[in-house]
Every structure is written in structure tokens, then in C-alpha cells.
1. Which of the peptides 980-988, 52-60 is most tightly packed, and how do the rest follow, judged by the mean count of other Cβ atoms within 10 Å per residue?
2. Lysine pairs in segment 294-382 with Cα distance under 17 Å, only those 8 or more apart or on different chains: how many are there?
3. Given points 7 Å out from each Cα along the Cα-Cβ axis, report the Asn324 to Glu1025 separation in nanometres with one decimal.
4. How charged is the neighbourhood of Gly357? Take every other residue with its Cβ under 12 Å from the Cβ of Gly357, and add Lys/Arg as +1 and Asp/Glu as -1.
5. Once you have a ≥ b ≥ c as the square roots of the Cα gyration tensor eigenvalues for segment 717-811, tell me rounded if a/c is under 1.5, and otherwise prolate or oblate according to whether a/b is larger than b/c.
6. Roughly speaking, what is the stretch gain from Asp848 to Gln624, that is 0.36 nm per residue apart minus the C-alpha to C-alpha distance, in nm to one decimal?
7. Roughly how far apart, in whole Å, are the Cα centres of segment 861-917 and segment 311-341?
8. Mind ranking 455-461, 428-434, 101-107 by how tightly packed they are, going by the mean number of other C-beta atoms within 10 angstrom, highest first?
Amino acid sequence: MNQIGDAGAAALGKALAKSKTLSTLTLESNDIGDDGAVGLGRGLAQNNSLNILKLYRNEIGDEGAIELGKGLAKNNSLTDLNLSVNAIGDLGAAGLGEGLGKNKSLTSLELEFNEIGYEGAVALGRGVGKHSSLLEFSYVDCPQGFGFNKMSPPGIAAVAELLLLHKNSLATVGTNAHIFATFVLVLDKEDPEMHSLFADHELWLQVGVSDAYEGTMFADEENKLPLVHALFDCHQTTTHFSLQQRFCEEIIAKRLLLRDGLLMMEAEDSGGRSVRSLALTNQNTKEWAKTYGTYLDRYSVAKGPPVHESKTCAVHYATDIQTNKAVALKIMRDKEQYAREISARDISSEGGASLAGCLPLLHREDPDFAARLDDEQCLVMPQGSRSLFEAINTERFAGRDLQKVRTIAYKIALAIQDLHNSGRIHGDIKPRNAVRVVPSKQHTFSYDETGGRVQVPDAWRQNVTGEQLNGPPDEEWQLIDLDASARILNTQRVTEKVSTGYAAPELAQWHFLHQARADKAPTVSAALDVWGFGVVLYQMLSGTKLFMVDESDDNLVHGRDKTELMNWLALDDERLERIKERETNGMGKGDGLRPDGADAIEAARDLVRLCLRGDPTERITMTQIIEDHPFFDFMRPQNSCRPDNDEDVATSGAGRDEHRKKKMRFSRRVLSLHKLVVPRRFSLFGRTTSPRLSRDDHTGDFYADHGHNELTELSTYHFFLSHMQKQAAGIVKNLAFGLERYQMSAWTEMRAAEVTLASLQRGVLSSQRFVLVLTRDALFRPFCLAGLKFAIDYFSSMPGGLQEHIIFIVEEDQRFSPWHTGIDEPWYAVDWEEGNVDLDDEIASAGDFLRSCQTQYNSEQTSSRRKQLDEATAKARSLRRTRDTRQLRETLENLNFDPDEVFGLAEDALSLCKRIPYRRRLFEEGAMLRALADHAGFQSDSEIAIELVAKLNMNATASVLASLFQDAIHEGSSVVIVVLEQDCLGDVHDALTSERLSGLPLLAVADESTFNAADAEHVGTCSQEVQSRLFDHLELLAWRTDAEVRDGVYMVGHEQPALIDELCSRAAKLRRSQL
């Protein structure tokens, strides 16, 4: 301590200006005022050697501080400046701040106990923010207060600003976090411009060394503490933390983007401690830290994309912070579908969020929290171990491990049955909507060894199949996603949500043909879930999907598959044979299922066959599946023990008898079940199937011990094609192949293993429609009439009767044995009786006379000769028809038919049922097949329904188009053709914005004579959306006038037909893209 005053300090300043070696100048506790400080500031401006200047406890005010600031701006050597305990105010602080902004060398500035207020602190803060080398800044050094700088709350905030703006000024945070937080809160309130600063998460992660770690191992450069870590880790005492929750709520939560805040919370210090772990340790901030970054203040959502996302919802895994249990969050887009999920579980007067067979909803017991979930359209469920979709694709059991398939299928069947018993269907059974609710036992590692280490057992390494060897796991499976669920009521219709890859045929028809119109929706039926279960079971058993589906939404991809599903009758043999027993090569490496008992594969096939019936009334029920079908014998409690191995049983004569009896019982059980599920097929056969029906090649021993075994395996066809082989074999061949192109099947005798009355009847009863090809002699063939008789008996009592189920294809071409009404019908034949003359002799005589008449007519073509020839031709034909009829009657009687009854029924059918002329040209054949399918109620993938949109008062152009497309124009359109002409846009706009047409694809034809580009520019009567649909994305096809109104030198007659062809082609493509 000395008594140096202003004069002495000014002299020292002059000396300082000239000094080139002085590095430290200590002038603490003197009487230096503004004049002396001015001198020192001027000297400092010219000096480049001084490192330390201490002016602690003097009387320096604003004027002196301003000059010192000027000196700092020019000096490049000073590192430490101590101006604590002086009289510096806001103006002086501003001068120092300006100098700091230009200085590059200062690392420590001390200003405790001055008179700096808000404005001065802000100015200092700006200077510090521009300074790059300042490491220490002491402005407040009082653990319980704000020092003696006489600051108002805005001044306190300015200190916080100063600390925050400088990335290295952290010396006081570690010991005074509560004061620092107060500064920041005040600044946040008083200065809105600081909000963006506080929103920078990197600001809070700036690194420095807290005073609390001085002299410890953490004081080195590698262990510098980030600001936010220091805040949360600061202790007032050894047991009490400094930082309060308000700072977290007002600054971190409100100012930082959640994305940045979560990154900051996971940031670790050099000791590996995250911000969140420190915040959870701090008793003041623990509860806040639990909920920060959570959904609905309760769910910590797992990182990464959704575990499942579709056009209707997204599913995320999360942890419930209140219970620390894993949950799944299903966030739904559509409010109506969300409401169905909720209402589906309200199945009784007691209410509740649990429904038998389905994963329950959680956390809805609190009405207020349930309301928050409803606002968010969020369903909370226990987190399943894995969906069946994931299991099929990752666990190597589909198409291989029959035990595991059976176990999973049984648990899913139980869940569906529980749902049905509650009075609801699920409506969307598929692998994604079944989840395993407990983890499956892993089998790669063994825990049965000592030594404290997990080991991979030798048995796993030696397992060449990659399948589990220790039997099926004890798993529990439940259903999820009830937004397609509906009550089982006679008047209740299904919802619009359909996954077409797993949808029943009746749903596919509604979805594809009627664009899922609510008024066309089928009624709710448990058979819809049976179909979905059958598709899932087939996928697990075969290792393949029934159809190719889009993996993102489980919908069908190809138009031909959509057509096949709409026309579905029963599972075909090719698909059925994918469910096969493994054929091993001696090492167990073959493909297919590993059987676990006799008849296991046939039982599996049979269950799938019964589930996947096209007619919903012929599908097995879930109760029959669970209680009666042999496939699940192993799963039922009364059959929990595995039966004796059949190979062991059959080692003796007695054993073989027992083995045969067991198979007999097994076969009869299945047959009885089929009689319940498909009763009509069995009742109609009666005794006409005796002797015993022969088996097809694919029929296994499963059915071999009962006289009517094949009835359970009969294929199902769309059409039965009956014909006379000699005259119509080519026609039937073309029809069969043509129908296959449209995904429809046909029974023909050319493909039958044998042609007997029994096989004929089986074919008729296995077909949905009967088609008889009428050629000249077709109705004189006994098997053609027998097939027609079977069809009449079978279809007469069905809805629609014979008119809908029997169709005649008529050969009219004179070159190919044409059929003639009234002539080629046996009931019109005249019974020729002339004494004892033999009919064959009469036919031979008539033939000779006919040839003679033909010769005479060829040489003399007169009217009399022509009449003679016609009479001879008629007589010869009548005699042949009489002979054919006599032979036909005799054959029918030998086959135990009443000829008069058969003739009468056939004549009635001919008069009642539709006839379609047979056409051979390719384009005509396609139209004929589509007409056949349409009349039969089936769908072809080329069917187009067109709607014309034009002026209400159509001109000649629109009228011509309407007449050309008249057969394709009807309600339920799939493509819209817009006719653009003068002054049409108002009417076109009204039509295209109607609910019925708003979503349909468009084609556009512009009348060249009345509509041009100028008309398209004046579209004020059209909305922007309609304008975009018409003029931004469509090619306007030109409709040109025909040859009659053009100069005769132009050949333009081909243009309108070409346009029509192009419209048809484009409409067909658009239709296929819709399917």
C-alpha cells in the first residue's frame, strides 16, 4: 500500500510508454483517480511489454476506465487487468467493453466491487463476447449476494449475459450455480433478444474448469467441465444441490428445441456422466429430468424410426417412466379409426379397455389422462416381444417347423375365438396384427455350465437345419389393431379398412369393384376372420404367401391376383402342394415341414383347405377348428400326450390292425367335419358315387380308409365345360385356356384322370357354372345330356336358378358342325316306322337317293331339282336323327336315366338359359369370355366401366362417343372420359367434384372444332384442383370431324376408330392400375 496519486500515476504512464522490458506493474491500494488512470491508459496504448497491471482498491471512475479501454484496444501484451474495488460506472464499463472487443491478448479481467449497472454490464458483455482469449472474468465474487457493484436486477442479468457470451468464462459456475441461474432467469425475462442465445445448446456445452476442482485431478485440460454439467453438479453443501428446477423449466425446456435439448441431455463430461444422469441425481431437478423429452409427460420414446408405420398409424416402442415398463404407442391419423379401436373394447356394461384375445389398452383408468390420450389419438399397450410378421421372417420356422407352426396357430386361433365369443370380429387378421406377448426362449446360448460365462453348446453348432430341437416354445400370442373390428350383427357392415393380401374374396369384390363404397359393404361375418387365419396358417405352413403382397401395407400387387381373389373358389392343388413333408437327404437338410406324427401334413392341408373356401358359408368356424379338427389334436388338453409312433405300432400284425383303425378313425373324423362345413356337396352325391370313388394322384393315405374319401379333396372349378369331343375339342381347349388368362378354372374331360358318370358328377358338383358347347351332335351324346341333367338337379334350387348357372356356347360357323335349333335336338326327332323295314337300310337308301339328287342338281340347277335335293336332305337327316335318338334313349336307360325326363329337363333348360355364339377371332374371343364371366358373376381383369362427363346438353361429338361406349357406360365406373367442347367447363367442374367421381382416373377428349387452347385459358368456372387435373396432368386427345364434313381429298375415316381404340387401351391400363 502506497499513496500514489494522479500525478504519480501519470508519470508512470509516460515511463510505461517508453519501456520495452517492464512486464508487471502493481499499483494496488493507492489514491489513483481518473487523471492518473488516463495517463496509465495512454502509456498502455504505446507499450508492448507489460503483462500484468493491478489497480485494485483505487478511486478510478468512468473517465479513467474509458482511457484504459482505449489503451487495451491498442495494446497486444497485457494478459491480466485487475480493476476491482474502484468507482467505475456504466460509462467506464462501456469504455472497457469497447476496448475488450478490440484487444487480442487479455486473458483475465477483474471488476468486483464497482458501481457498474445494467447498461455497463451489457456493454461489458458485448465486449467480452467479441474477445477470443479472455479466460477469467471476475465480476461477482460473493456466494450469497451480488457484490458491491450496485446492480439492479437488470444489472444482474447483464452479468449473466456477459458470462454466457464468452465461451470460457466459467470460473464461478461450479461454486455458485444458483446465482448463475438467477442471472440467466432475470436476463431471459428482461431482454427478449437473449432468447435466441439461450436456445443454442452448444452454449451450454462450452467447457471450462470449475473452482470446485482446483487442486484436484479434474483441474487439467482433459477434464474441463461443460457449463451445463457444472450447473447440475454444483453443491451448496455435500448433500444439497444448488441448481433449482425453475431453471430447467424456464430455460432448458422453453428455450431449447427439444431435438437440441435431448442431444444436450445425453452429452457426457470427461468422466462419462451425462447431463440427464446428473439431473436425475440432483434432488431438485430429478422429477423434471424424468419427464423432459417424454411424450405426454410419461413415455420415453425409443430412438429411431417407428417399429411399424402404415398409412393409418405409426407404432413406437417406449418406456413408461412411472412404472419403468416397456410399452408400445400406436399413434393414429384417422379419428374414426381411433374411435373404433376404443369402442371395440367396450364390450360390456362394465366397460374397460381389455378385450379377450387382444392386447389390452393401458393407462386409461384416469379419466383426465385418458382424455389426453384421446386428444393425441394414442393407444398405449404392453410392448410385445415380436410380431408374427417379424417372427416369420427371422426365426426360420415357416415351412419347416410344424410343431412351432401348430403352437403359434393354436394360440392365435384361441385369441380369435375369444374375440368372436365377445361378439366381435377382428376384421384384419394378418401377421402384423398378431404379437408374442412374452419373449421366446432363445436357444443359441447355454446357461447350464459353470465358470460364469455364457457358452454356445455343441448341439447348436451341429444342428444343420438351423431349427429349434427342443420342441415348440411355450408362447402366448394376442391380437392387436382393432380399427377394422366390428360387431357380429346381421345389419352391421364391415369397415373400409382392408388389407387385400389377407382379405376374403367377398371383401376383395367390394374393395376393387365398388371402390369400398359404404352402401355396398358386405355384412360382418366371423368367416372373414377365418379366411385371414387360413391365409396366415398357409403362410406359416408353406413358407410362401398366398399372393404377392406389398410388404409396406400388405395389399395385393398384381391385377391378376386381385382378379383371382375376387373369383376365388377354393385352394388349388399347386398351392396346396407347397405344404409338404420334408424329404431328407440323410442329414435332415431337406425342404419342407418336419412332421410330428402320422397324417400331420394331410391334416395341415385339410385345415387350410377348409379355411380358404371362397363361399363364406362353406368355411369352417373357429370353434370347429379349435375343438374338432385333427390338426390341433396335440394342443388340446385331453390329447396333451403325443400318440405312439405309428411306425412302432405297425411292427406286428396286431400293431398294423391298430394302425389301420387309427387311420380309419382319423379319416372319418375329417369326413364328418367336412359334412358339417360343406353339407350340400355330400348330400347331393348320394349313392351315385358307388362303387368307391377313385383317388387323384395327390390324394394321400389320410383319406384312404373311407368309401367317400375324395369328397374332402375334390377340386373346385368356376366352369364345367361339357362338349362332344369330336366336334368341339378345339373350342373347349380355347375356352379353358382363355378362362385361365382371366384367373378362372374349368373342368374338362381332357384333363380328367378318367371319364365316368361318377367323375362327371363330381366335376359338375365341384363347379360354380355349367357350360355346354352346342354343336351338331352334342345333344345326342349321352354323357353331354347326363352332365346337363346333373347340372339341372344341382343348380335348380340355388339362388338365381338355372338361368344364372347354366350357359350354352353355340357353334354357328357352317364350316365346323354348327348347331341348329329344332333340328339338332333329340326330342324333336320323328320316330320313323314303316312296317318291318330296317332303319339302317332306310338310312342307306336315303343316302343313296340324296347323292343321286345332288348329282342331278349339279348338272341341272333348276328350282325343281333344288326342291328335290332339299327334301332328300331333310329325309336323310330325319332318319339319322331318329337312329341317333333311339341309340341315345337306349344308352340313357342302360345308365339308369329316364330318357323322357332327361329330354324334358334339357328342353326346358335350352328355353330358359342364355346362349352365347362362339367366336374365333382373338378380339371377339376376349369379349365373349368377358361376357361369359360377367353373366356368371365372376370378374375379368380387363373389364372397364366408363363414365362420360360433358356438357349437360351434349353436342354431336359427345353423343357419338356415348353411342360408341354405350356397353361400357354404367354406374360404378372405374374410368372417366371428359369431353371438352365450347362452354363445357362449368358442367364438367360440377361432375368431377362430385363425391362419386372425385377420385377416379381421367381421360380427356377435346373437340377440335369447338375447344382450343384459348378455352383452356379461360377457366374461371373451374376450381384450381379441377384445372390441375384437366390441364396439368392429362394429354388432351383430339376428336376430329369425320370424312363427310372434310374436303373429299382427305382420307380421315380411320381417325375416329383409332381414337376409340386408344381410349379403350388407356382405360384398360388405368383399370388395371386400380386393381
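The values are calculated or read from the model by the stated rules, or taken from the named source; none is laboratory data. Quick caveat, the model's predicted, so the values are computed rather than measured. Neighbour counts run over all protein chains shown; Cβ positions are idealised from the backbone, glycine included. Ligands, DNA and RNA are stripped out before the accessible areas are found, and what is left, the full protein with its side chains, is counted by its heavy atoms. Shrake-Rupley method; radii C 1.70, N 1.55, O 1.52, S 1.80 Å.
1. Values: 980-988: 19.2, 52-60: 20.8.
Descending mean neighbour count gives 52-60, 980-988.
2. Working: Lys303/Lys325; Lys303/Lys330; Lys311/Lys330; Lys311/Lys335.
So the count of such lysine pairs works out to 4.
3. Roughly 5.3 nm, to one decimal.
4. Numbers: positive: Arg345, Lys411, Arg424; negative: Asp418, Glu476, Asp529.
Here the count lands on 0.
5. Working: a/c = 1.31, a/b = 1.13, b/c = 1.16.
It is rounded, given that a/c, with a ≥ b ≥ c, falls under 1.5.
6. On the way: separation 224, 0.36 × 224 = 80.64 nm, distance 7.02 nm.
This chain segment gains 73.6 nm when fully extended.
7. If you average the Cα positions of each part, the centres end up 74 Å apart.
8. Values: 455-461: 11.4, 428-434: 24.3, 101-107: 17.6.
For the peptides 455-461, 428-434, 101-107, the packing ranking is 428-434, 101-107, 455-461.
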